[in-house]
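Colleague: Starting off with a structure, shown below.
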Amino acid sequence: MKETCLAVATVFAASAAFAETVTFDSDPPGRLPSSWKQGVTGRGSALWAVRADPTAPSKPNVLQQSATGAFPWCVLPTTSIENGFVEVRFKATSGREDQAGGVIWRWKDGENYYVARANALEDNVSLYHTTNGRRITIKYVDAPVARNTWHTLRVEFSGKRIKVALNGKTYIDLEDASIGGSGAVGVWTKADSVTSFDDFSYGSL
């Protein structure tokens, strides 16, 4: 199900030219949702599929990644946003190496994009750019990220400016010019994380 609205209120008090939310509730469980593309940066594999989840913020379905790969991603390749926002509800369920949930933007391909993620094993929020398949850290900030709990991760980006918020609190606010121009938006995990996503929202600012 997709709902389009003319404006949204944001944690950064910005207005949006358009916004759209994907709840995955109209997609059949057990397969990749319509119009989405999956892959992995680096070694391993990605397995993204719609799953029924009674705890979903908007019932009944979520999007879940359950394979093991370096950096599995899932994007809406038809989106093209240069200045805007991306937001998602996520729940990290398990993972021995990692328990991460993230969002990506200015995605050019599986080797080049920005990513912000929250980690339930490390209790932090971090910002990276992935360039030519190499993930490069921009900033880490300590933040409480409880496992098996739904959280809201949001990023706003305009020119060089990037703001990252978890559960309504801004943890990262800086400038970075590593990846410019427009690109697709999507979601991201790491390693053996089993992570669920719901209420994926995006728009232009």
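Colleague: Of the conditions (1) open to solvent by 20 Å² or more (accessible area, probe 1.4 Å); (2) more than 16 Å from the chain's Cα centre (by Cα), Glu87 satisfies every one except a single condition; which number is it?
Modeller: So Glu87 meets the others, but not (2).
Colleague: Could you please let me know if Leu32 is open to solvent by 40 Å² or more (accessible area, probe 1.4 Å) and touching a Leu at 6+ places or on another chain (Cβ under 9 Å)?
Modeller: So Leu32 fits the description; yes.
Colleague: Does Leu63 meet the test of being farther than 21 Å from Ser182 by Cβ, in contact (Cβ under 8 Å) with a residue 40 or more places away in the chain and aliphatic (A, V, I, L, M)? Before you say what the answer is, go through the steps one by one.
Modeller: Numbers: farther than 21 Å from Ser182 by Cβ: yes; in contact (Cβ under 8 Å) with a residue 40 or more places away in the chain: yes; aliphatic (A, V, I, L, M): yes.
Against the criterion (farther than 21 Å from Ser182 by Cβ, in contact (Cβ under 8 Å) with a residue 40 or more places away in the chain and aliphatic (A, V, I, L, M)), Leu63 qualifies.
Colleague: Need a quick list: strands (runs of 3 or more DSSP E) entirely within the range 146-194 having at least 1 residues that are open to solvent by 30 Å² or more (accessible area, probe 1.4 Å).
Modeller: 151-158, 161-166, 169-175
The values are calculated or read from the model by the stated rules, or taken from the named source; none is laboratory data. Note that the structure is predicted; figures quoted are calculated from it, not measured. Methodologically, a virtual Cβ is constructed for each residue, glycine included, from the backbone with ideal geometry; neighbour enumeration extends over all protein chains shown. Areas reflect the complete protein model, heavy atoms only, side chains present, ligands, DNA and RNA absent. Shrake-Rupley method; radii C 1.70, N 1.55, O 1.52, S 1.80 Å.
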